[in-house]
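Please read the structure below before turning to the comments.
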Amino acid sequence: TKAAVISWATTSEQKVCASQLGNLVHKAREADMVSPALIVVGDVAGLRTPLNFWERKALMGKRYLVPKIGTGVSKIAKLLREQGACVVEETVGEISPCEIDLEKERLSQMDWFVFTSQNGVREFFKNLFRSGLDVRCLSAGKFAAIGEKTAETMKQYGIFPDLIPAIHTGKELAAEFSASLSGKEKVCYVKAAQTDDGLEKVLREHCHLEIFV
């Protein structure tokens with residue numbers, strides 16, 4: 001009778017030992033099979049070859065350490081696990097929102113608002129609304145987003161960006177954005193306190209920059 005022992009079934013650690021039922025104990029010991037394990041007995045054990053989609057996953061058995069910000073599951077970790085990888089996520093930082101009192105007169109003087117993250121967009125508008133203001137005080141300015149994800153978050157607040165770089169990096173945003181400036185514009189750059197992407201340095205050379213942290 002066909003039989004198999006499946007150790008750590010359906011995980012990236014999955015290991016299978018197939019044999020006739022009479023030899024299964026001997027074969028399992030030789031293969032150093034460990035628990036937790038399933039024992040499958042019968043003709044279904046012979047279907048492993050045509051049905052073995054799991055062990056054919058591209059990253060099956062590979063191990064990855066993924067640094068992340070915050071407590072949620074990172075997108076890259078999710079994608080790796082879908083390909084069979086064993087992923088350990090390590091939190092290396094967290095996002096701590098801060099409260100800022102925004103002033104209507106100051107905001108209404110801005111020619112541009114620059115956002116480089118979805119979190120920056122959310123926190124800026126939270127502070128805007130908490131200050132008793134709405135998007136009308138931003139109507140004189142244009143908006144730049146570092147990428148499509150940031151732009152999609154801006155659209156949730158009724159803002160459609162005027163500028164999104166072709167390549168979604170701070171360097172490319174700095175290059176494309178600075179090319180459109182005359183040096184007289186007032187630019188509001190919304191950033192995290194510990195961000196150091198080089199964008200701030202470039203902006204200071206091409207405009208009157210105000211940082212909202």
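For the stretch 62-91, a tally of residues being in contact with a Cys (Cβ under 9 Å, 6 or more places away or on another chain) and either among the charged types (D, E, K, R) or open to solvent by 50 Å² or more (accessible area, probe 1.4 Å) (or both) returns 3.
Here Lys2 meets each of (1) surrounded by fewer than 16 Cβ atoms within 10 Å (Cβ to Cβ); (2) farther than 30 Å from Gln118 by Cα with one exception, condition (1).
Could you check the stretch 38-49 and list, in sequence order, the residues that are open to solvent by 90 Å² or more (accessible area, probe 1.4 Å) and at pLDDT 90 or above? If the condition is that a residue be open to solvent by 90 Å² or more (accessible area, probe 1.4 Å) and at pLDDT 90 or above, then Leu38, Ile39 are the ones that fit. For the stretch 164-179, the tally of residues that are touching an Asp or Glu at 6+ places or on another chain (Cβ under 9 Å), open to solvent by 30 Å² or more (accessible area, probe 1.4 Å) and either closer than 23 Å to Ala140 by Cβ or not in a loop (DSSP other than H, G, I, E, B) (or both) stands at 2. Within the stretch 178-208, the set of residues being under 13 Å from Phe115 (Cα atoms) and at pLDDT 85 or above comprises Val187, Cys188, Tyr189, Val190.
Ala145 passes every criterion in (1) over 23 Å from Arg122 (Cβ atoms); (2) within 24 Å of the chain's Cα centre (by Cα); (3) buried (at least 19 other Cβ atoms within 10 Å of the Cβ) apart from (1).
Tell me, which residue of the stretch 92-130 that is open to solvent by less than 40 Å² (accessible area, probe 1.4 Å) and of a type in the set (Val, Ile, Thr) is nearest to His208 (Cα to Cα)?
Val114
Pairs are defined by a Cβ separation below 6 Å, a sequence spacing of at least 6 or placement on different chains, a first member in the stretch 200-213 that is under 26 Å from Glu99 (Cβ atoms) and aliphatic (A, V, I, L, M), and a second member that is assigned to a loop (DSSP other than H, G, I, E, B) and at pLDDT below 85; the pairs so defined are Val213/Ala193. A single member of Ser12, Ser35 is assigned to a loop (DSSP other than H, G, I, E, B) and surrounded by 17 or more Cβ atoms within 10 Å (Cβ to Cβ), and it is Ser12. Within the stretch 102-146, the set of residues being part of a helix (DSSP H, G or I), among the polar types (S, T, N, Q) and closer than 22 Å to Lys184 by Cα comprises just one member, Ser108.
The values are calculated or read from the model by the stated rules, or taken from the named source; none is laboratory data. Just so you know, these numbers come straight off a predicted model, no measurement behind them. With ideal geometry, Cβ positions are generated from the backbone for all residues, glycine too; neighbour counts draw on all protein chains shown. When the accessible area is computed, the model is the full protein with side chains, heavy atoms only, and any ligands, DNA or RNA have been set aside. Shrake-Rupley method; radii C 1.70, N 1.55, O 1.52, S 1.80 Å.
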